[in-house]
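The values are calculated or read from the model by the stated rules, or taken from the named source; none is laboratory data. All figures in this text were calculated on a predicted structure; none of them were measured in a lab. Note that each Cβ is placed from the backbone with ideal geometry, even for glycine, and that neighbours are counted across all protein chains shown.
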Amino acid sequence: MNFQKVGAVASLASFVIGGVVVYLMWKAQSAASPEGNAASSPEVGVQPFLGVFLAGLVVSGILNLSAAMIQAKASRRPQPEPEEVFLPDTLPARFTHGRTFVKDDVTPKFLHRLLENHSDAEAEKLLEAYLGKWMMLSGLVNEVTVEESRKEVYVAIFPPGEEILVSLNFTLDWRNRLSRLLPGNNITVVGVITKVDRISITMNDCELVHR
């Protein structure tokens, strides 16, 4: 509910009703008979309009009070902390819109090291902060495979200086561009970190940034 709008409507209603009643009172007084008989007395003619005015004030007051009380209760509720969103400055806007990226220092090697000296349960807990977020990385193409049954194009790369295999899953929309890649080509991609194990890293919804 928009409490500010409710209060504004109530205030406007009070103003309008007040203006109408004042106008009607003026009209009633102007039309009163100068002889001052009871049928045309200003006091008698004004009474119905005064009742409408008072009723309008009561209704508007109730609306204002209700809106203020509800808004006060809502303001006391704890507000969730906004999630920190990191967007790489080196990426065009079309690759970053509406996406949360990990920081530049989060690399496949960094993610793989989280698995070292930790049990599977501990490693899973540590990786929660990164799974489901986007990452940009570069690497040398190892192989490209079109999976028609899964409607995906699979690309395996090795980031420079690392011996960690990164599995990239693209939609078939990328087939024509990816099919021209050769082993050893260097590519830069963005994708969602989906799985990290002791052998490889898997990323889904991948997009080729540049070759």
Can you tell me which residues in region 158-188 are in contact with an Asp or Glu (Cβ under 9 Å, 6 or more places away or on another chain), modelled with pLDDT of 95 or more and among the hydrophobic types (A, V, I, L, M, F, W, C)? 170
Does region 121-152 hold any residues that are aliphatic (A, V, I, L, M), assigned to a loop (DSSP other than H, G, I, E, B) and without any contact (Cβ under 8 Å) to a residue 40 or more places away in the chain, and which are they? 129
Residues that are modelled with pLDDT under 95, touching a Leu at 6+ places or on another chain (Cβ under 6 Å) and closer than 15 Å to residue 158 by Cβ, drawn from region 190-211: 200
